[in-house]
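Asks: Mind looking over this structure? Questions follow.
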Amino acid sequence: MAGVSSESLAKALTALEAKLPTASLQLAKELFGILGMVDSSAGLRRALTDPSRNGDEKSALVRQLVGGKVSADAADIASGLASLRWATARDIGDALETLAATVVISVAENKSAVSASGITGLEELENDLFSFNQAVASSHEVQRALSETQASAAAKSAFAEKLMPGASEEAKVLIRQAVTQPRGIKPTRLVERFAELAAKRQQRWIATVNVTRPLTQTQLARLQAGLNAMYGRELKINLNVDPELIGGIRVQVGDEVLDASVLTRLGELQRQLAG
């Protein structure tokens, strides 16, 4: 996805963030259901990506189709997506798939408890998706069963769940979607895409810190406290020592880089380090 479609997806993901703190798996299931509706009708896809139609008209069309069938949040997300511009008819479906998967990933991310093994809900989801693909890759019989064109979606879903009986509910939703609605690619490839989205989201909460010399435990604690306060949650810090670094400290959290373009924020961190 590139060009205008990429820009539209970025806008849709930004708008989605406001709903994610309270999002549920039911919302994701509804969005996947709307995706199935869009994928089943070439005429609908053309109507939703027709450049001659204005955004309000396309948004109203979606609301008419899904009104009363899904939650208000699902209708808002889908209609908002329809109001944007898309380069190809497939792009809007790809975007809806990404939004639905992001909801699932966010639900895993929002889990407050850490498992007995000490991993977060997001890490558990990534592990489950990876384990599913390993299970499929290890057996030609499993691969054939999941690619059998005569098998019903329900049968494939039940079969996939037997492969991963201990998987998290979030992983089951994504795996079920991949095996029942792979949208022209191998289910395992779609699971990989979902895992990539989860990894990208987790990366938002990892701070890669480059410094000119090793930090003391006191300095590291101050840095941790400052970054946690800045982002409103506890970050994992990956510390790299780079003697050639200019400026003393460089911090990257997800796509955001704290460097000379944000001197105020960097200055605050450096004052905390100086103590």
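Table: residues versus (1) part of a strand (DSSP E or B); (2) modelled with pLDDT of 80 or more; (3) within 30 Å of Ser106 (Cβ to Cβ).
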site: Leu174; (1), (2), (3): no, yes, yes
site: Val179; (1), (2), (3): no, yes, yes
site: Glu192; (1), (2), (3): no, yes, yes
site: Glu196; (1), (2), (3): no, yes, yes
site: Leu223; (1), (2), (3): no, yes, yes
site: Ile237; (1), (2), (3): yes, yes, yes
site: Asn240; (1), (2), (3): yes, yes, yes
site: Pro243; (1), (2), (3): no, no, no
site: Ser261; (1), (2), (3): no, no, yes
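Asks: A follow-up question, please. Identify, please: which residue in the range 140-161 is of a type outside the set (A, V, I, L, M, F, W, C) and in a helix (DSSP H, G or I) and is, among those, nearest to Gln177 (Cα to Cα)? Don't jump to the end; show me each part of the working.
Replies: Applying the first criterion (of a type outside the set (A, V, I, L, M, F, W, C)) to the range 140-161 yields 140-141, 143-144, 147-150, 152, 156-157, 161.
Next cut, in a helix (DSSP H, G or I) only: 140-141, 143-144, 147, 156-157, 161.
Values: His140: 21, Glu141: 20, Gln143: 16, Arg144: 18, Ser147: 14, Lys156: 10, Ser157: 8, Glu161: 12 Å.
Among residues in the range 140-161 that are of a type outside the set (A, V, I, L, M, F, W, C) and in a helix (DSSP H, G or I), the one nearest to Gln177 (Cα to Cα) is Ser157.
Asks: Of the numbered conditions (1) more than 20 Å from Ser5 (Cα to Cα); (2) of a type outside the set (Ser, Thr, Tyr); (3) at pLDDT 95 or above, Gly68 fails exactly one; give the number of that condition.
Replies: Of everything listed in (1) more than 20 Å from Ser5 (Cα to Cα); (2) of a type outside the set (Ser, Thr, Tyr); (3) at pLDDT 95 or above, Gly68 misses just condition (3).
Asks: Now for a separate question. Here are some conditions: (1) modelled with pLDDT under 95; (2) open to solvent by less than 30 Å² (accessible area, probe 1.4 Å); (3) of a type outside the set (Ser, Thr, Tyr). Asn110 meets all but one. Which one does it not meet?
Replies: So the condition that Asn110 fails would be (2).
Asks: Can you tell me which residue within the range 205-221, out of those that are in contact (Cβ under 8 Å) with a residue 40 or more places away in the chain and surrounded by 15 or more Cβ atoms within 10 Å (Cβ to Cβ), is nearest to Ser106 (Cα to Cα)?
Replies: Taking the range 205-221 and keeping what is in contact (Cβ under 8 Å) with a residue 40 or more places away in the chain, we get 205-210, 215, 218-219.
Filter once more, keeping what is surrounded by 15 or more Cβ atoms within 10 Å (Cβ to Cβ): 205, 207-210, 215, 219.
Numbers: Trp205: 13, Ala207: 19, Thr208: 22, Val209: 25, Asn210: 28, Leu215: 33, Gln219: 32 Å.
The residue in question is Trp205.
Asks: In the set Ala225, Ala195, Ala178, Ala135, which member is more than 19 Å from Gln252 (Cβ to Cβ), open to solvent by 20 Å² or more (accessible area, probe 1.4 Å) and free of Cβ contacts under 8 Å to residues at least 60 places away in the same chain?
Replies: Values: Ala225 fails: more than 19 Å from Gln252 (Cβ to Cβ); Ala195 fails: free of Cβ contacts under 8 Å to residues at least 60 places away in the same chain; Ala178 fails: open to solvent by 20 Å² or more (accessible area, probe 1.4 Å).
The match here is Ala135.
The values are calculated or read from the model by the stated rules, or taken from the named source; none is laboratory data. Not measured: the values here are computed from a predicted model. Positions of Cβ are backbone-derived with ideal geometry, glycine not excepted, and every protein chain shown enters the neighbour counts. We work out accessible area using only protein heavy atoms, side chains counted, and drop any ligands, DNA or RNA first. Shrake-Rupley method; radii C 1.70, N 1.55, O 1.52, S 1.80 Å.
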